[in-house]
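These notes are about the structure you will find just below.
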Amino acid sequence: MNDMTTIRKSTPKDWESDQEVRWCPGCGDYAVLKAVQRTMPEIGATPENTVFVSGIGCSSRFPYYMETYGFHTIHGRAPAVATGVKLANPELDVWIITGDGDALSIGGNHTMHLLRRNLNCQFLLFNNEIYGLTKGQYSPTSREGTRSPSTPFGSVDHPAKPCAFALGSGARFVARGIDVHKNLPNVLKAAHAHQGAAFVEIFQNCIVYNDEVFESFTAKVNAPIRQLWVEHDKPMLFDNGTKGLALDVRSLSLKVVDVEGGDWASAGVLVHDQTNRTIAHLLVEMPFGAFPMALGVLYDDPAPTFESAVVAQNNKVSEGKVADLQKLVAKGQTWMVEKQPHAI
Amino acid sequence: MATAAHLLPPEEASANPPPEAVVVRFAGDSGDGMQLTGGQFTLSTALAGNDLATFPDFPAEIRAPQGTLFGVSAFQINFGSSQIETAGDAPDVLIAMNPAALKTNVEALKTGGLIIADEGEFTARNLDKAKYAANPLDDDSLAKWKLLRLNISQLTLDAVKPFGLGNKEALRCKNMWTLGLALWMFDRDRAPIVKWLNAKFAKAPVLAEANIAALNAGHAYGETAELGGQVGRLHLPAAPAEPGLYRTVTGAESISLGLVAGTQLAGLRMFFGGYPITPASAILHHLSGLKEYGVTTFQAEDEIAAIASAIGASYAGSLGVTSSSGPGIALKTEAIGLAIMTELPLVIVNSQRGGPSTGLPTKTEQSDLYQAVYGRNGDAPMPVIAARSPADAFDCAIEAVRIATQYMTPVMLLTDGYIANAAEPWKVPDMSTRVPFTVKFHSEPPAEGEKFMPYARDEKLARPWVKPGTPGLLHRIGGIEKATGSGNIDYSPANHQRMTDIRRDKVLGIDVPDQAVELGAAGGKLVVVGWGSTYGPIHQAVRRARARGVDVSHVHLRHIWPMPKNLGTLLKSYDAILVPEMNTGQLKTVLRDQYLVDAVPLNKVSGQPFRIAEIEAAIAKFFDGIAGNEGGELPADAKQLPSTQAVNP
């Protein structure tokens with residue numbers, strides 16, 4: 001590498017691979033891909049130290065389109081593969097790309113354990129509430145009553161809540177974004193800045209099998225009144241500052257209050273504290289409809305990472321020990337056979 | 001052959017030569033510390049220079065209800081002055097710590113063998129639990145054996161009295177009392193056990209002292225005249241062995257050591273992803289203590305994560321290793337396919353156990369050969385290696401690492417519950433003589449204007465291994481079919497045909513050493529072909545038959561897939577082929593398929609290893625049609641072979 005290339009800051013174009021992108025025209029995945037490619041230069045990432053690991057599903061084609069190292073693994077197992085990558089080389093910047101079926105159905109177990117162990121990585125869950133690649137069956141995040149090829153009369157099971165699942169699993173960073181929203185790169189930057197497993201749920205529109213499923217808060221008319229972008233140390237306001245979230249002390253839950261003339265304080269509106277786990281729990285449990293959709297960094301409170309603990313222990317117990325293979329194979333109680341015995 | 005010569009009165013004994021080998025079985029409640037007793041007896045036996053083989057046989061339940069038949073834990077050791085390759089057929093001595101242990105083990109004892117029973121435990125309650133209507137020590141139901149009844153419980157309590165232990169704690173020393181007696185019987189040194197007890201109970205010296213007192217008391221009991229003429233001392237001379245430094249090793253230990261040695265010879269770090277499962281967990285335990293050798297161990301959330309993390313580690317430039325037993329291997333199967341498709345090195349150790357499903361977790365079987373060779377979706381070729389013994393597992397593990405890293409492929413190493421748990425003496429290898437097979441990661445960026453080809457091939461058809469983090473070699477891999485060379489997604493018909501052929505040819509082209517004949521010669525009337533832990537009984541059975549002049553040879557496969565290039569010719573040089581396996585005939589099927597030979601199966605799936613006599617009998621049946629050979633005592637010049645189908649009636 002010459003000096004010019006090391007000094008030059010990368011551009012989004014540098015992060016595009018030579019592969020033809022094969023998602024359906026109009027798929028939300030294109031927007032997420034662009035957002036990630038726009039984010040990479042800004043966080044100072046280098047392509048050779050970046051690894052994208054994915055499972056199976058539409059979103060999991062993602063690594064092929066990034067000019068980085070990439071591993072398109074098997075259904076649900078990206079967190080496990082990524083754990084091996086990171087433990088083998090903690091210097092690598094690991095991104096996991098997954099979907100609602102991949103991360104919460106077939107791979108739910110791995111998602112849980114990745115989060116509780118707190119592997120330092122970015123975990124981007126593209127939630128489109130449907131199985132796209134297998135042609136439209138309902139998914140673990142589909143709402144009750146979803147009609148699909150496998151549920152022609154409507155689904156009857158209760159959907160999983162990805163962010164609540166993540167918090168319950170012990171995640172130390174939980175955020176939400178929207179595929180086409182301009183804030184997505186900021187959410188990704190915050191996820192990357194977080195040391196530890198950074199869980200990001202991205203609402204992603206499947207134009208073929210579940211089009212407009214998020215319209216109630218993403219449509220142009222709904223966005224300003226139904227989206228609440230939380231920010232650390234800022235009051236949790238929405239609907240152009242006319243409404244806010246306050247604590248209902250009696251039920252220990254959140255309530256929506258009206259804010260008159262910008263005086264959010266006297267309306268009792270809570271100030272977001274991204275290190276407050278209780279607030280995070282309240283935000284992810286908020287039923288949409290009666291409440292707005294909470295977006296942005298809901299929770300960010302770093303803790304020691306898994307791979308650093310593993311490396312520290314490996315180093316500590318190896319201290320002062322010499323890796324002498326001959327000594328190792330001769331360990332334990334040994335005895336000497338002196339002379340050649342008679343043959344039998 | 002082992003005899004009960006040591007049980008004969010002195011005048012008779014002197015007329016007989018000392019036995020070559022003696023088989024002792026310790027049996028008791030799973031809480032009685034039988035595995036511990038057996039393990040220590042093994043150590044002292046090895047230190048006395050006897051060759052030995054052991055067979056631990058314990059229940060799947062951790063603490064089965066006390067005194068019950070299914071809670072019996074046993075440990076058998078065969079030791080002696082000739083080469084020992086099996087844990088022995090029928091025991092010469094049975095040490096029964098309670099009625100249940102007697103009931104479940106006594107039928108295995110040789111006629112005329114010695115029973116040492118702890119009569120203190122033959123209470124009405126325990127007899128009832130063992131479903132004895134009457135006390136067998138008192139009636140003549142044990143008449144065909146010699147019986148030595150000792151109140152081991154009381155003798156132990158007396159011995160440890162000075163230490164002021166509670167009754168329960170005091171009785172825990174019973175196994176050491178018994179061990180002391182056994183050490184006396186076979187003229188074994190107590191010093192290593194005393195040393196071990198002091199180390200084990202370093203934090204509770206009173207327990208160390210009590211156990212040592214029990215050990216000494218058992219030994220002293222033998223020395224005094226109290227035993228009468230029933231038990232004599234027996235000293236087995238040291239077994240012949242090549243000069244050098246020896247230690248005992250279990251299969252789980254030697255596989256772990258072999259994997260460490262292999263990764264060091266390859267110049268790599270090891271990443272071991274495992275999930276607890278019997279009987280494979282011992283490898284995870286062992287490796288987790290060897291971090292200074294560049295080993296990272298990871299106890300994953302499940303079997304799938306265990307292998308997936310190992311694949312991720314291999315992708316990142318470590319050697320990924322995972323280990324399990326049949327049901328766990330089944331869970332890993334999809335990921336094995338991924339490793340085959342992405343052509344990453346990986347070692348998968350399968351400690352086979354009785355199946356299907358949960359099957360017999362603590363019992364041995366070799367019924368995962370089909371799973372290893374064939375058990376995947378798609379045409380998914382993978383090399384398979386099988387260890388024959390605890391000591392052999394060391395070299396097999398190194399061989400697995402060599403093939404995985406040189407050919408960029410997952411490799412399955414088959415072992416079984418018997419090999420994993422059994423101990424045998426092992427001549428400590430001289431590591432300085434091992435030839436390194438250092439891995440060379442690809443790090444050269446392509447020439448200007450050219451693209452890196454992650455699926456380019458070397459002369460072995462292996463693709464380059466690139467560590468993420470290397471500038472100029474960015475690439476993507478995955479489970480989708482990829483174009484030859486570029487590795488880009490490619491579903492085209494001709495490409496899939498070509499890639500399938502390459503994956504097959506790469507594995508078939510692995511340089512596997514030519515198959516040797518273990519015993520006998522190439523060509524002849526009968527060859528007994530084995531693999532894995534049936535080595536011992538096959539070898540002994542063939543040796544005995546040959547000693548009687550029978551034209552039979554022993555061939556034992558290490559490389560199950562691909563098979564040695566000369567194997568077909570070798571097998572066809574015999575008139576008949578017998579394949580004993582602890583399954584319903586899996587290697588037999590592969591041999592028939594590969595070489596169109598009439599391989600005759602001999603099968604056993606009882607969860608117990610073959611006895612030498614069983615294989616001897618099967619060999620004899622091949623010669624049954626020959627007049628005067630009813631007993632299988634074939635004259636060396638016998639001309640014809642009878643129907644081979646008679647072996648498995």
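Each value in this text was obtained by applying a stated rule to the coordinates, not by laboratory testing. Note that this is a predicted model, so its numbers are computed, not measured. Every residue, glycine among them, receives a Cβ derived from its backbone with ideal geometry; neighbour counts consider all protein chains shown.
Applying Stokes-Einstein at 4 °C and 1.567 mPa s to the Kirkwood radius of chain A, computed over alpha-carbon pairs, gives a translational diffusion coefficient of 59 µm² s⁻¹.
Inter-label distance, B:Asp302 to B:Asp501: 3.9 nm, where each label sits 7 Å from its Cα along the C-beta direction. For segment B:456-554, the Kirkwood radius over C-alpha pairs fed into Stokes-Einstein at 25 °C and 0.890 mPa s yields D = 136 µm² per second. Once the Cα-Cα distance is subtracted from the 0.36 nm per residue extended length, the B:Leu508 to B:Asp624 segment shows a gain of 37.8 nm.
Extent of segment B:69-191 along its three principal axes (Cα atoms, max minus min coordinate, largest first): 45, 42, 24 Å.
Cβ crowding within 10 Å ranks B:Phe201, A:Phe199, B:Phe298 as B:Phe201, B:Phe298, A:Phe199, fewest other Cβ atoms first. Going by neighbour counts of Cβ atoms within 10 Å, the residues A:Cys121, A:Cys206, A:Cys24 line up, fewest first, as A:Cys24, A:Cys206, A:Cys121.
Using Cβ point charges alone (K and R +1, D and E -1), the dipole size of segment A:203-344 about the Cα centre works out to roughly 840 debye.
Just so you know, the Rg over Rh for segment B:372-519 is 1.04, from Cα atoms, with Rh as the Kirkwood radius. Projecting the alpha carbon convex hull of segment A:102-175 along each direction and taking the average yields 5.0 nm². Ranked from largest, the principal axis spans of the Cα set of segment B:387-442 equal 41, 27, 12 Å. For segment A:183-259, what log10 I(q)/I(0) values come out of the Debye formula at q = 0.12, 0.15, 0.20, 0.24 1/Å, with one point per alpha carbon and no solvent? Rounded to two decimals, the profile gives -0.50, -0.76, -1.09, -1.15. Per residue, the Cα convex hull of chain B amounts to 173 Å³.
Kindly provide the Kirkwood hydrodynamic radius of segment A:46-114 in Å, to one decimal, from all pairs of distinct alpha carbon atoms.
Working: mean 1/r = 0.0857 Å⁻¹.
For segment A:46-114, the Kirkwood estimate is 11.7 Å.
Where does segment B:527-625 land on Rg(C-alpha)/(2.2 N^0.38 Å)? Against the empirical 2.2 N^0.38 Å value, I get 1.01 for segment B:527-625. By its C-alpha gyration tensor, with a ≥ b ≥ c as the square roots of the eigenvalues, how is segment B:266-308 shaped: rounded for a/c under 1.5, else prolate for a/b larger than b/c, else oblate? Oblate.
Counting other Cβ atoms within 10 Å, keep those with at most 15, restrict to DSSP loop, and tell me which GluC sites (Glu not before Pro) in segment A:132-230 are left. Intermediate results must be reported in sequence, preceding the final value.
Details: sites: A:Glu144, A:Glu201, A:Glu212, A:Glu215; in loops: A:Glu144, A:Glu212.
Answer by residue number: A:Glu144, A:Glu212.
Equivalent-ellipsoid semi-axes for segment B:87-143 (Cα gyration tensor, √(5λ), whole Å, largest first): 20, 11, 10. Just the number: Rg to Rh for segment A:253-309, Cα atoms, Kirkwood Rh, two decimals. Using only Cα positions, Rg/Rh for segment A:253-309 is 1.10. Treating each Cα of segment B:338-425 as one equal point scatterer and applying the Debye formula with no solvent, the log10 of I(q)/I(0) at q = 0.15, 0.16, 0.18, 0.25 Å⁻¹ comes out as -0.58, -0.65, -0.80, -1.20.
Under Stokes-Einstein, with the Kirkwood radius over Cα pairs as Rh, the value for segment A:144-286 at 25 °C and 0.890 mPa s is 144 µm²/s. Bridges between two residues of the protein assembly as shown, per DSSP, are antiparallel at a rate of about 35%.
Each DSSP beta bridge with both residues in segment B:452-581 is either parallel or antiparallel, and the antiparallel ones are about 25%.
With contacts taken as Cα pairs under 8 Å and at least 6 residues apart, segment B:33-188 reaches a relative contact order of 20 percent.
Counting Cβ atoms of other protein chains within 10 Å of each Cβ in B:291-301 and taking the mean gives 6.
Seen from B:Gln40, the other residues with C-beta closer than 13 Å to its C-beta sum to a net charge of +3, counting Lys and Arg as +1 and Asp and Glu as -1. When both bridge partners sit in chain B, DSSP labels roughly 35% of those beta bridges antiparallel. Considering only DSSP states other than H, G, I, E and B, which trypsin sites (Lys or Arg not before Pro) in segment A:119-206 qualify as loop sites with at most 15 other Cβ atoms within 10 Å? Within segment A:119-206, the qualifying trypsin sites (Lys or Arg not before Pro) (loop, at most 15 other Cβ atoms within 10 Å) are A:Lys135, A:Arg143, A:Arg147, A:Lys182.
Rounded if a/c is under 1.5, else prolate if a/b is larger than b/c, else oblate: which is segment A:103-226, with a ≥ b ≥ c the root eigenvalues of its Cα gyration tensor? Kindly include the intermediate steps, with their values, before the conclusion.
Working: a/c = 2.22, a/b = 1.30, b/c = 1.71.
Verdict is oblate for segment A:103-226.
Distance from the C-alpha centroid of segment B:474-541 to that of segment A:4-58: 39 Å, rounded to the whole angstrom.
Taking the centroid of alpha carbons for each part, segment A:252-275 and segment B:70-147 are 79 Å apart.
Shape summary: segment B:307-360 maps onto an equivalent ellipsoid whose semi-axes, from the alpha-carbon gyration tensor, are 23, 10, 7 Å in decreasing order.
Helix-only arithmetic for the protein assembly as shown: the sum of -39500 (n - 2.57) across DSSP H runs with n ≥ 4, divided by the residue total, places the mean residue ellipticity at 222 nm at -9500 deg cm²/dmol. For segment A:183-211 versus segment A:116-151, the spacing of their alpha-carbon centroids is 14 Å.
When you restrict to C-alpha pairs under 8 Å that are six or more residues apart and normalise by the size of chain B, the relative contact order lands at 10 percent. A Förster radius of 30 Å combined with the Cβ-Cβ distance from B:Ala494 to B:Ala456 puts the calculated FRET efficiency at roughly 0.95. Once you divide the Cα radius of gyration of the protein assembly as shown by 2.2 N^0.38 Å, the number left is 1.11.
Taking only the Cα atoms of segment A:235-344, the radius of gyration and Dmax are 31.4, 105 Å. Rg/Rh, computed from the Cα trace of segment B:21-102 with Rh as the Kirkwood radius, has the value 1.00.
Quick one: if the Förster radius is 30 Å, what FRET efficiency do A:Lys234 and A:Lys182 give, using the C-beta to C-beta distance and rounding to 0.05? Intermediate results must be reported in sequence, preceding the final value.
On the way: r = 18 Å, r/R0 = 0.59.
Calculated value: 0.95.
Given a Förster radius of 45 Å and the C-beta distance between B:Glu169 and B:Ser141 as r, what FRET efficiency does 1/(1 + (r/R0)^6) yield to the nearest 0.05?
That gives a FRET efficiency of 0.85.
Its relative contact order, with pairs defined as Cα atoms under 8 Å and 6+ residues apart, puts chain A at 14 percent. Considering only the other residues whose Cβ falls under 14 Å of the Cβ of A:Arg143, what net charge follows from Lys and Arg at +1 and Asp and Glu at -1? Within the 14 Å Cβ shell, the charges total -4.
Let me know the shape class of segment B:62-107, please: from the alpha-carbon gyration tensor, a ≥ b ≥ c as square roots of the eigenvalues, rounded when a/c is under 1.5, otherwise prolate if a/b is greater than b/c, or oblate. Mind dumping the intermediate values first?
Details: a/c = 3.37, a/b = 2.26, b/c = 1.49.
Prolate shape, in that a/c is at least 1.5 and a/b is the bigger ratio.
Over all pairs of different C-alpha atoms in segment B:126-187, the reciprocal of the mean inverse distance, the Kirkwood hydrodynamic radius, equals 13.8 Å.
With N the number of residues in segment B:406-471, Rg(Cα) / (2.2 N^0.38 Å) evaluates to 1.77.
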